[in-house]
Amino acid sequence: MTPADKGWFDSVAVDYARCRPHYPDAFFAWMADQAPALNQCWDAACGSGQASIGLSRWFNHVEATDLSPGQIAAAKPSSRIHYRQGAAEQSDLNSGSMDAVLVAAAIHWLDLERFNREVHRVMRPGGLLVWLGYEPIQGAPEDLQIWLNTLYHERLNQFWPPQRSHVDNCYADLEFPACDQPLPQGLHITEHWTRTDLLGFISTWSALRRASQQNDGDDKVCSLINTLSEELNQIWPADSEKLTLRFPLMGRWGLLP
């Protein structure tokens with residue numbers, strides 16, 4: 001992650017904690033079933049702890065690290081989670097200490113070669129590694145779904161950072177450090193969101209950060225968000241305060257030799 005990326009993640013830390021979707025319990029139950037033991041898990045590049053809390057329901061202890069101090073400060077505390085600032089590529093965790101390692105919606109930001117070496121160092125033999133991500137929103141009413149698809153794939157296309165291509169490829173183009181397979185089908189995030197919730201999520205997109213860098217900063221971002229808000233008001237179903245939206249989970253997983 002570049003210094004500019006780190007600074008942006010600091011600035012949106014509170015919005016990330018409030019507006020990003022929450023991973024389903026079914027995913028963490030599945031992950032616990034695959035792990036060789038449930039003593040210790042590392043949530044690498046944990047952000048504001050969206051996955052850390054879910055992991056703590058199954059693993060006795062969770063080490064949650066992130067490069068951004070702002071993200072760590074915004075994380076929800078738990079007696080089973082030890083949050084601290086640190087690079088995923090140099091975690092300072094004890095060698096051979098982890099039963100499982102999760103990277104949730106962040107593997108595309110890391111120095112992969114260095115991170116894979118760190119995973120081999122901290123993992124116990126046969127430990128579980130999971131790269132987790134989610135696909136764009138699905139399940140919206142037709143007009144809203146068309147608007148979302150156009151916004152993501154066309155209107156903001158020029159502003160997505162290069163790393164976004166790895167997400168669109170479901171991480172298949174990255175080197176996984178073990179024999180791996182995709183996540184099971186049928187796992188998905190479900191959110192019941194208002195217009196404000198949806199707009200808050202969109203405002204955390206990295207494409208908006210790049211738009212601000214290229215178009216005179218925060219004033220342009222605020223103007224764009226205001227425009228999107230007006231468009232949402234026009235296409236949001238009049239009889240629905242909240243809509244049920246889905247994010248299919250995707251990723252890769254395997255046991256390290």
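Structural remarks
- Only residues that are free of Cβ contacts under 8 Å to residues at least 40 places away in the same chain and either hydrophobic (A, V, I, L, M, F, W, C) or buried (at least 18 other Cβ atoms within 10 Å of the Cβ) (or both) were counted across segment 87-125, and they come to 3.
- Any hit, segment 197-206, residues being in contact (Cβ under 8 Å) with a residue 12 or more places away in the chain, within 19 Å of Ser48 (Cα to Cα) and part of a loop (DSSP other than H, G, I, E, B): yes
- Residue check, Gly70 among the small types (Gly, Ala, Ser), buried (at least 19 other Cβ atoms within 10 Å of the Cβ), in a helix (DSSP H, G or I) and at pLDDT below 95: yes
- The residue that is nearest to the chain's Cα centre (by Cα), counting only those in segment 181-196 that are surrounded by 17 or more Cβ atoms within 10 Å (Cβ to Cβ) and not β-branched (Val, Ile, Thr), is His188.
- The single condition among (1) among the hydroxyl-bearing types (Ser, Thr, Tyr); (2) outside any helix (DSSP H, G or I); (3) modelled with pLDDT under 90 that Ser240 does not satisfy is (3).
- Note on segment 1-59: among residues that are at pLDDT 90 or above and of a type in the set (Phe, Trp, Tyr), the one that is surrounded by the fewest Cβ atoms within 10 Å (Cβ to Cβ) is Trp30.
- Filter result (more than 14 Å from the chain's Cα centre (by Cα) and among the hydrophobic types (A, V, I, L, M, F, W, C)) within segment 36-54: Ala37, Leu38, Cys41, Trp42
- The set of residues in segment 122-156 that are at positive phi and modelled with pLDDT under 95 is empty.
- Qualifying positions in segment 149-187 - in contact with a helix residue (DSSP H, G or I) (Cβ under 9 Å, 6 or more places away or on another chain), free of Cβ contacts under 8 Å to residues at least 60 places away in the same chain, more than 12 Å from Ala207 (Cα to Cα) and not in a helix (DSSP H, G or I): Asp173, Gly186
- Of all residues in segment 224-257 being surrounded by fewer than 14 Cβ atoms within 10 Å (Cβ to Cβ) and among the polar types (S, T, N, Q), the one that is farthest from Gly127 (Cα to Cα): Gln234
- Residue in segment 120-148 that is nearest to Leu199 (Cα to Cα), counting only those that are in contact with a Ser or Thr (Cβ under 9 Å, 6 or more places away or on another chain) and in a helix (DSSP H, G or I): Val122
- Among the residues of segment 73-86, those identified as of a type in the set (Gly, Ala, Ser) and either surrounded by 14 or more Cβ atoms within 10 Å (Cβ to Cβ) or within 17 Å of the chain's Cα centre (by Cα) (or both) are Ala73, Ala74, Ala75, Ser78, Gly86.
- Where Gln145 falls short, out of the listed (1) over 22 Å from Arg18 (Cβ atoms); (2) out of contact with any strand residue (DSSP E or B) (no Cβ under 8 Å at 6 or more places or on another chain); (3) surrounded by fewer than 17 Cβ atoms within 10 Å (Cβ to Cβ): (2)
The values are calculated or read from the model by the stated rules, or taken from the named source; none is laboratory data. Values in this document were obtained by computation on a predicted structure and should not be read as measured data. No Cβ is skipped: glycine too gets one built from the backbone with ideal geometry, and neighbour counts run over all protein chains shown.
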